[in-house]
Structure formats: structure tokens, C-alpha cells
Amino acid sequence: MGGGELPGLLVNEIGGVRGILHGHVAFLKKHFYLITMKEFLENRKHLSKKVQAIYLWWHKPIIDQELLQSLPNLKVIANSGVGMDHLDLKLVASFGVKMANAPRAVSSSTADTGMALLLASARRLVEGYHIAMSSGAERQEADFLGVEVTGATLGIIGMGSIGYKIALRAKAFEMNILYHNRTRRKEHEERAVGATYCEKIDHLLQQADFVMVVVSLTPQTHKLIGKRELELMKPTATLINISRGAVVDQEALVTALQTGVIRAAALDVTSPEPLPRDHALLKLKNVIITPHLGIKTDKATYLITEEAVENILAALNGLPMPSEVLPS
Amino acid sequence: RPTIDRELLESLPNLKVVGNSGVGVDHLDLKMISNFGVKVTNTPRAVADPTADIGMALMLASARRLLEGCQIAVSPDTKYFAVDWLGVEVTRATLGIIGMGSIGYKVAQRARAFDMRILYHNRNRRRKEEEEAVGAHYCEKMEDLLQQSDFVMLVVNLTPETHKLIGKKELGLMKPTATLINISRGAVVDQDALVEALQNKVIRAAALDVTYPEPLPRDHPLLKLNNVIITPHIGTATVQALRMMAEEAIANILAVLNGQPIPSEVL
């Protein structure tokens, strides 16, 4: 490392449909010497020692043993988002590399996405839009009814910072809020949003008009919502998933939606993304699927990059990182 | 429906009350009905919550490009989800509410939970406690609200004063990044001016639960724009709301017929 040289930051690509947003590049270049994977692969010998940090943008580049071995001076990997299920945390830690996610930046935008999907599904916005906008459509006013959101019961599965922000928003719609979480929230936190703890997920599923899934994907939450859970839900209930596709048993969901076991579903996440074009979920009328809107706003994406840079600089300077993720 | 005209009123000698389902009465000739000694009632309580909910639904759907997103998610041509495909943030944005009656106030209550900065414009200013409860700032001049808002929501009654309230001038005052949401009546907006504003990106987008007429002719330019969401007047289209409107209308009708105080008479 030459004197005064900025630390090398490895990114997958810049621009295009998958890469680091162009609007973020100037900010990154203020702090780092940017190296794309393409540049790295073309010039390994020269660049491998320069890389001190990696900024994972939508889960890329893929962090495997080979990559970690080829970067002797790598100190930290920062993730653009809060989910870390795409990383082998133990493997990374074994190389002495620190990891960080971006929880602050994502929580409000993801909560907004959850509420947007809940409202759109309840009020049948997508169907209504097609009736209003399409040519030659009959207006079937009398039988076009949605279900009420105000005063309904919302069951939140996963009451981390995103789940809690959903509770704050739902409270303003006078929703009755139930929640299920590994650990119970403090009493004053529950009171602030009027949330009732359901130690057993079954109680939440049986009472909720809307079930919102907001957990991390872990081995414990894989297929958390399956045939049994869907059958416990009311036939008038709606499932909203803003966590990870794999938290829901998709085959069981298709069956439940086809047979009226639940009223509808709204999914911002699926497994995989996107679904194969012939997947049954794409054909059902009582499903809304959105292309992982989660944090896709101008402000949120910029905040994510800022949060990642904050973590990286802290790690490189030997300071406490704002959102370090340890292998548990 | 049914249409209340002179012929109908003349043929019903014992008619005492027209109980309207819904809150808007712009489709009724109130003077003419009154001349026949017939009272008119509406259902303001039943409509307020579902209409406020639709306002929020449209604001979120437009901001986050939900409908475009749905099309991408199911399109046979979709091979990946582009990461540079972005919407605009709702949390902490500025919402300008034009018309702060009971529906407008409920919108403010909901928007506050999204940490939105709330401005409002109304014929009358609300009480200080009411403003403070939702963190709303009064804009005596509608122009000030239009210039500062990221989202402008129309929640007024349709009256001669609010007809074409939002025209070319008002749209020109809005930010080019702003979104117009209309849950009041189509005629509150100058639709031709809106088409032009959307085509020329004078504003970012619009979301309309109401148009003039409803439905729009199938060749109307609003239907061709990709920065417009239109829904078929579903402000109160929920199972529960329909039942509550019927209950409220019946309660009003019975009150009139029994000579009791009328919950929501329209004068």
C-alpha cells in the first residue's frame, strides 16, 4: 500500500441492471479505490493485495473459499441490506474477516413495502387497476369488494426493527396487533404499539386477518409457514411475505390459495427470484407478487451505501462497527 | 341511483327523506329536493376509514411503483429483477392534504405513523390540539402546500368552489418529483391539464380513485400514460363498509320518519 492511497474496495460491477448504482459511485470513490470483479479477475496479481474491503450489492460478488483465499488483506465485508442468509458467516469469520449489514437504512422502506402490499391486497388494487385501465372492460361494481384494513387484526411474525415499524404504522390504522417472536419485547415497547405477544404462533395464525412475515431466513425459519400454518389461518385472511421466499412453503401456499384455505397472499419475495415463468403462483388471481421492492427507493439505497461505508471505515480503522454481524 | 329528478319527486307524495349511501351529495339537486319538503341524509361515519385507507393505499402503490412491479413480476419476458429500478420514499416525505374534514384528518393520522411531514389546506383551520395530535401544519395559501409537498392528496367535497380546484397553475406549482392523489371527485381536477402535466413530467405521477366521468372513455389519454394509476372508485368498496353505510343510512331514515334528531342531515 502506497502512502496516501485509498483502501481498495471490491464490488461486483458498476451500473447496469445488477451493479452498484451510478449515483453512489462518487461517494464511494471519496473513500475507496474501486475495483470491479472483472478488473480483479483480469489483474489478480496486482490487485489482490489492494482489496481491504468488499461491498456486497444484492448478494454479489459470491463470497467463497477461493475468493477469500485470494484476498490476503481483506478485513471487512459490508452487505447492502439486512439479510445475511446468502453468506457463510463461519467461513468468512475463519479468515479473520469482519462482516456488517445495514439494518438502519432498510427498516422504514421495508415496513412501507409491507404496508403497501397489505393495503393493495386488502383493497384489491391490482384487480381494480386492470378494470379501470383496460380497454372494453365491464365495470362489475356490485361484486368488486375488498376487505377492511382499519380495525382488522394484524399478526406480525418477527418483531425485529422492521416488524416493529410495521406495528407503528398499523396502529395508526387502528389495527389490533398480535406478534410472535423468538424473544418477547419489553412491556413499554408493546404498549407503545398496542401489541399483544403470542407465545404460540398458532394463536396468532388463528386470530389474524392479516399475517405479515418479517423474520430473518435461518435454518429455524425455513418453511416456517407451511400447510399446517396456512390451515390454522382464517379462510378470510391474507398472508404477506416481505422476508425471504424460503420462509414460506410455496407449494403449500399454492394449494391453500387454490382451495380457499386463505383469502389471498401478497409476496415481495419468492424462491427463486424471479419465479420460473410457468410457476403456479403467477397464474393465481388471489396473489400479488412484487419484484423485491423492499428497499428500492432512491433514498433507501443511498442510505444503505452510506451505512455500509460507515461500517467499512470503522473496521479498517480498528473502531467499533455500527452493525457488525457475528457468526452465531 | 335511482336518479332523483323532479318527475320522481312529484310522483311520491309521502316521501320524507332521501338517505344517501356515501358522503358525497354532488349528484343531488339539494335545493330542488328541499323545495319538496324532503330531507337528505348521508353516511359520513361509514365512509371515512375505508376512504382514508384507499388514499394511503394509492400513495404507497404510486410511490413504490407497485402496479408496474406486479406486471414485471408476472411478465413472460422477465428474466431478472433490475436493481436500478427504484421508486420514491414515503417515510419522512412531505404530504400535503387539501381538505381536512374527517377523511382528511384520518389520512393525517395514518401518514403520521410513516413519519411524514404533514401540511394541510382547508376552508377553516383546525383547532391547535387537533393539529398537534397529527403534527399537521396549516397552509393558509394552497400555493405554499403545493410547492413543498412530495405527495398532494385531494380530500375535498365537490362544490362550485372546488370544481377544477387543481388546474394547470396548481400542477405547475407542484414539485416535478411530486405525486397527486385524488380520492375526492374527478371534477376537482382539470383532467386535460393533468394529462399535459403528466406527459411533460411537470409532476412525477398521479393516482386517481375518481375521474370524470366514471369510467373514462376507453380512448382517454389518462389510460395511456405509464405514470398514472386509476382505480374504479373503490374508496368504500369493502364488505364491512357497505354494511356500515346501509346501517348508517337506515338509522338516518328511521330518525327522520320518527321525528328524532337526525345523525347526518345534509342542508
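The values are calculated or read from the model by the stated rules, or taken from the named source; none is laboratory data. On a predicted model such as this, the values are computed, not experimentally measured, just so you know. Note that we place each Cβ from the backbone using ideal geometry, even for glycine, and neighbour counts take in every protein chain shown. The protein model used for the area step is the full one, side chains on, heavy atoms only, and it has no ligands, DNA or RNA in it. Shrake-Rupley method; radii C 1.70, N 1.55, O 1.52, S 1.80 Å.
Is there a residue in the stretch A:59-79 that is of a type in the set (S, T, Y), crowded, with 16+ Cβ neighbours inside 10 Å, free of Cβ contacts under 8 Å to residues at least 60 places away in the same chain and more than 14 Å from chain B (Cβ to nearest Cβ)? Looking for residues that are of a type in the set (S, T, Y), crowded, with 16+ Cβ neighbours inside 10 Å, free of Cβ contacts under 8 Å to residues at least 60 places away in the same chain and more than 14 Å from chain B (Cβ to nearest Cβ), one finds none in the stretch A:59-79, hence no.
Within the stretch B:30-44, being outside any helix (DSSP H, G or I) and in contact (Cβ under 8 Å) with a residue 60 or more places away in the chain holds for B:K39, B:V40, B:T41, B:N42, B:T43. Only residues in the stretch B:109-132 that are at positive phi count as the first member; pair them with residues that are open to solvent by less than 40 Å² (accessible area, probe 1.4 Å) and β-branched (V, I, T), Cβ under 7 angstrom, at least 6 apart or cross-chain, and list the lot. Correct list of pairs: B:D115/B:T91. Of the residues making up the stretch B:228-248, those that are open to solvent by less than 20 Å² (accessible area, probe 1.4 Å) and either modelled with pLDDT of 95 or more or in contact with a helix residue (DSSP H, G or I) (Cβ under 6 Å, 6 or more places away or on another chain) (or both) number 11. Among the conditions (1) touching a strand residue (DSSP E or B) at 6+ places or on another chain (Cβ under 9 Å); (2) at negative phi, B:K164 misses just one, which is (2). Listed here are the helices (runs of 4 or more DSSP H) enclosed by the stretch B:45-155 that have at least 2 residues being farther than 21 Å from B:A178 by Cβ and within 14 Å of chain A (Cβ to nearest Cβ): B:66-74, B:102-112.
Yes or no, residue by residue, for (1) more than 21 Å from the chain's Cα centre (by Cα); (2) within 26 Å of B:M174 (Cα to Cα); (3) β-branched (V, I, T):
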residue	(1), (2), (3)
B:V18	yes, no, yes
B:A52	no, yes, no
B:G87	yes, yes, no
B:I98	no, yes, yes
B:Y120	no, yes, no
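Restricting the stretch A:292-322 to residues that are under 13 Å from A:L21 (Cα atoms) and open to solvent by 40 Å² or more (accessible area, probe 1.4 Å), the residue that is farthest from the chain's Cα centre (by Cα) is A:E306.
Check the stretch A:229-241 and report whether any residue there is in contact with a Lys or Arg (Cβ under 8 Å, 6 or more places away or on another chain), surrounded by 17 or more Cβ atoms within 10 Å (Cβ to Cβ) and among the acidic types (D, E). No: zero hits. I need the full set of residues from the stretch A:90-105 which are closer than 21 Å to A:T218 by Cα, more than 18 Å from the chain's Cα centre (by Cα) and either open to solvent by 20 Å² or more (accessible area, probe 1.4 Å) or of a type in the set (S, T, Y) (or both), in order please. Once the filter is applied, which keeps residues that are closer than 21 Å to A:T218 by Cα, more than 18 Å from the chain's Cα centre (by Cα) and either open to solvent by 20 Å² or more (accessible area, probe 1.4 Å) or of a type in the set (S, T, Y) (or both), the stretch A:90-105 yields A:K90, A:L91, A:A93, A:S94, A:K98.
The residue that is most open to solvent (accessible area, probe 1.4 Å), among those in the stretch A:37-53 that are touching a Leu at 6+ places or on another chain (Cβ under 8 Å) and without any contact (Cβ under 8 Å) to a residue 40 or more places away in the chain, is A:E39. For the stretch A:259-278, a residue qualifies if it is in contact with a Ser or Thr (Cβ under 8 Å, 6 or more places away or on another chain) and either within 17 Å of A:L125 (Cα to Cα) or in contact (Cβ under 8 Å) with a residue 12 or more places away in the chain (or both), and the qualifying residues are A:V261, A:I262, A:R263, A:A264, A:A265, A:A266, A:L267, A:D268, A:V269, A:P274.
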